[in-house]
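To start, the structure under review is shown below, and the notes come after it.
The values are calculated or read from the model by the stated rules, or taken from the named source; none is laboratory data. Just so we're clear, the structure is a prediction, and the values are computed from it rather than from any experiment. So basically every Cβ, Gly included, is an ideal-geometry build from the backbone, and we count neighbours across all protein chains shown. Just so you know, the surface numbers come from the protein's heavy atoms only, side chains and all, with ligands and any DNA or RNA stripped out. Shrake-Rupley method; radii C 1.70, N 1.55, O 1.52, S 1.80 Å.
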Amino acid sequence: MTTTFESGPGRLFIGGQWREAADGARTDVIDPSTGQVVTTVAEASAADVDAAVQAARQAFDNGAWSGLSGRERGRVLHRVAELIRENADEIAALESRDVGKPITLCHAVDVTNAANDYEYYASLAWTLDGATRDTPLNGLAYTRRGPLGVVAAITPFNFPLILAGSKIGPALAAGNTVVHKPAEETPLSALYMAELLKKAGVPDGVFNVVTGTGPVAGEALLRNPGVDKIAFTGSTAVGRHAASVAGEGLKSVTMELGGNAAHIVFEDADVEKAIGAIIKGFVFNTGQFCMGGPRLLVARPLYETVIGILSQAVPGVPVGDPRNPETVVGPMAGEKHLKKVEEYVELARKEGGRIVCGGERLDLNGGFYYRPTVIADLANDSRVVQEEIFGPVLTVQPFDSEDEAVEMANSTPYGLASGLQTTNLARAHRVADRLQAGIVWVNEWAMLDPAVPFGGVKASGFGREYGPEALEAYTKVKSVVVSLD
Ligand code: NAD
């Protein structure tokens with residue numbers, strides 16, 4: 001396999017062919033660790049998006065993929081997983097350069113999970129069966145599950161490979177065809193995957209990639225009448241818009257949106273063990289993690305103790321060049337993301353926050369680095385606590401009772417993830433039940449597996465990725481009733 005660095009600037013992948021945008025537009029791809037341009041990719045217009053949707057439509061209608069049995073499609077998806085593993089070093093290096101992710105993280109999480117995702121959905125492709133239903137009718141009633149048609153997969157910048165795989169895997173397993181629009185900042189692994197899927201045996205037109213901006217390429221995809229389903233991951237603001245456009249077109253839709261999870265430390269927690277999960281919860285992927293735990297709620301007797309431990313431990317987290325295997329925190333994925341974090345930390349100062357550590361940029365090689373930052377003493381209704389910062393920033397607040405902890409945890413508009421630290425088993429289950437979130441972690445953070453569904457409630461969206469639930473989101477059910485008279 002070749003990377004887009006070696007094979008030249010990225011182009012659109014439509015109907016199994018590489019092509020320039022119809023108007024020749026191109027856009028720069030920037031290495032976040034240096035701020036330098038590393039390559040360019042084509043910038044799709046609405047006409048290019050339409051060509052991709054038409055290619056996907058034709059490929060769906062000709063049955064070259066949708067007409068295969070689930071197990072035949074599963075074999076191809078197994079091959080995709082194998083190819084990801086065979087090319088792990090190259091894919092990890094590409095993702096690290098594009099997103100600024102630490103190389104060790106790219107191997108351990110992005111590449112590993114992407115391969116696991118395809119493998120999981122390859123296996124589930126065998127399970128696309130229906131059911132018979134007992135009825136008082138003198139008839140045989142049964143259901144069959146089939147694909148929806150053309151899926152538009154729109155993904156954000158922070159986990160390009162995984163969040164594409166969590167849509168492409170179940171979509172293709174179910175027999176759909178796909179047009180993928182990656183985020184403008186981080187398009188490279190999507191182009192790599194186009195080449196890899198083709199090599200694995202996915203027929204031309206079944207998988208297409210249009211790189212380009214949200215307002216042009218993304219919008220054109222949302223509005224294209226040839227699209228049957230929108231699988232969107234991104235911010236709540238854009239998701240609201242995407243859902244309303246999808247509503248007008250009566251398209252199927254899943255929405256994976258923003259998050260602002262609370263991580264609760266009860267007075268009976270194993271604090272030494274909890275500290276690792278707390279730090280991971282807010283520095284993982286440089287804090288650009290929708291399911292991160294940026295709001296730490298600590299039982300008041302432990303409040304200053306936990307802050308003291310964090311003030312010692314957090315400055316020791318290795319921040320730096322993502323290509324160094326020791327690095328845990330790399331740069332933010334783009335300058336605008338860095339500026340947003342700076343603005344929120346400034347706001348925290350104005351809102352009365354105590355900066356325990358960090359609170360500033362790190363000047364290194366012209367990259368977009370920000371030091372992991374801990375802020376104490378903010379009021380629960382402060383904007384810094386309530387809004388999604390999406391960077392390596394942790395706020396710490398005390399609470400006085402279990403009820404208050406739950407109330408504070410549930411107090412933001414979001415509901416993607418949540419977590420708690422306790423050694424009390426009954427409390428673990430009781431509180432997990434009361435937290436408004438799609439996933440709750442107990443005594444850990446960010447344990448993810450393709451078999452375990454995730455998704456949001458409230459402003460974090462609806463629908464589930466991963467698990468058999470995701471396959472349901474890419475299929476429709478048809479009932480057949482045969483008269484036995
Ligand atoms: P974003 O909403 O800015 O962009 C997401 C995607 O939508 C990009 O591909 C973008 O080009 C596209 N887009 C933008 N405007 C569009 C439009 N008008 N029509 C169609 N598409 C459009 O999000 P981002 O900054 O890339 O990602 C960060 C956000 O994503 C955070 O809020 C984060 O919490 C969220 N996120 C959620 C999950 C989850 O699983 N729930 C996972 C990762 C990230």
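Residues that are among the polar types (S, T, N, Q) and open to solvent by 10 Å² or more (accessible area, probe 1.4 Å) do not occur anywhere in the stretch 162-175. Please verify whether Lys229 is basic (Lys, Arg) and farther than 23 Å from Phe60 by Cα, treating the condition exactly as stated. Answer is no for this residue.
Contact map, the stretch 149-172: residues that are outside the structural domain of Ala51 (by TED's automatic domain parsing) and more than 9 Å from the ligand (Cβ to nearest atom) paired with residues that are open to solvent by less than 10 Å² (accessible area, probe 1.4 Å) and not in a loop (DSSP other than H, G, I, E, B), Cβ distance under 7 Å, separation 6+ or inter-chain. No pairs are found. Taken over the stretch 276-286, residues that are open to solvent by 10 Å² or more (accessible area, probe 1.4 Å) and within 13 Å of the ligand (Cβ to nearest atom) amount to 1. For the stretch 218-231, a tally of residues being closer than 21 Å to Ile168 by Cβ and more than 7 Å from the ligand (Cβ to nearest atom) returns 8.
All of Pro392, Pro398, Pro413, Pro468 fail the test of being open to solvent by 60 Å² or more (accessible area, probe 1.4 Å) and under 30 Å from Glu346 (Cβ atoms), apart from Pro413.
Listed by position, the strands (runs of 3 or more DSSP E) enclosed by the stretch 343-462 that each have at least 3 residues that are away from the ligand (no atom under 16 Å from the Cβ) are 354-357, 373-376, 393-399.
Exactly one condition in (1) over 29 Å from Cys106 (Cα atoms); (2) free of Cβ contacts under 8 Å to residues at least 24 places away in the same chain is not met by Gly359; state its number. Going through the list (1) over 29 Å from Cys106 (Cα atoms); (2) free of Cβ contacts under 8 Å to residues at least 24 places away in the same chain, Gly359 breaks only (1).
Given the criterion modelled with pLDDT of 95 or more and open to solvent by less than 30 Å² (accessible area, probe 1.4 Å), identify the matching residue among Leu347, Leu338. Answer to the selection: Leu338. Has the stretch 401-410 got at least one residue that is in contact with a helix residue (DSSP H, G or I) (Cβ under 7 Å, 6 or more places away or on another chain) and open to solvent by 10 Å² or more (accessible area, probe 1.4 Å)? Taking every residue of the stretch 401-410 in turn, at least one turns out to be in contact with a helix residue (DSSP H, G or I) (Cβ under 7 Å, 6 or more places away or on another chain) and open to solvent by 10 Å² or more (accessible area, probe 1.4 Å).
The residue list Ala446, Ala473 contains one member that is in contact (Cβ under 8 Å) with a residue 40 or more places away in the chain and out of contact with any Phe, Trp or Tyr (no Cβ under 7 Å at 6 or more places or on another chain), which is Ala473. Here Leu420 passes the criteria (1) more than 30 Å from Ala125 (Cβ to Cβ); (2) open to solvent by 30 Å² or more (accessible area, probe 1.4 Å) except the one numbered (2). Residues considered: Gly366, Gly352, Gly330. Of these, the only one that is over 30 Å from Pro187 (Cβ atoms) and either open to solvent by less than 60 Å² (accessible area, probe 1.4 Å) or modelled with pLDDT under 95 (or both) is Gly352.
Every residue, every condition in (1) within 16 Å of the ligand (Cβ to nearest atom); (2) in contact (Cβ under 8 Å) with a residue 12 or more places away in the chain; (3) touching a strand residue (DSSP E or B) at 6+ places or on another chain (Cβ under 8 Å); (4) closer than 27 Å to Ile154 by Cα, yes or no:
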residue: Thr233; (1), (2), (3), (4): yes, yes, yes, yes
residue: Ala246; (1), (2), (3), (4): yes, yes, yes, yes
residue: Met255; (1), (2), (3), (4): yes, yes, yes, yes
residue: Gly258; (1), (2), (3), (4): yes, yes, no, yes
residue: Asp270; (1), (2), (3), (4): no, yes, yes, no
residue: Ala274; (1), (2), (3), (4): no, yes, yes, no
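Taking into account only those residues within the stretch 297-312 that are in contact with a helix residue (DSSP H, G or I) (Cβ under 9 Å, 6 or more places away or on another chain) and closer than 18 Å to Thr423 by Cβ, which is surrounded by the fewest Cβ atoms within 10 Å (Cβ to Cβ)? Going through the qualifying residues, I end up with Thr305. Scanning for something closer than 17 Å to Val319 by Cα, within 14 Å of the ligand (Cβ to nearest atom), not polar (S, T, N, Q) and not in a loop (DSSP other than H, G, I, E, B), does the stretch 287-298 turn up at least one residue? Yes - at least one qualifying residue is present in the stretch 287-298.
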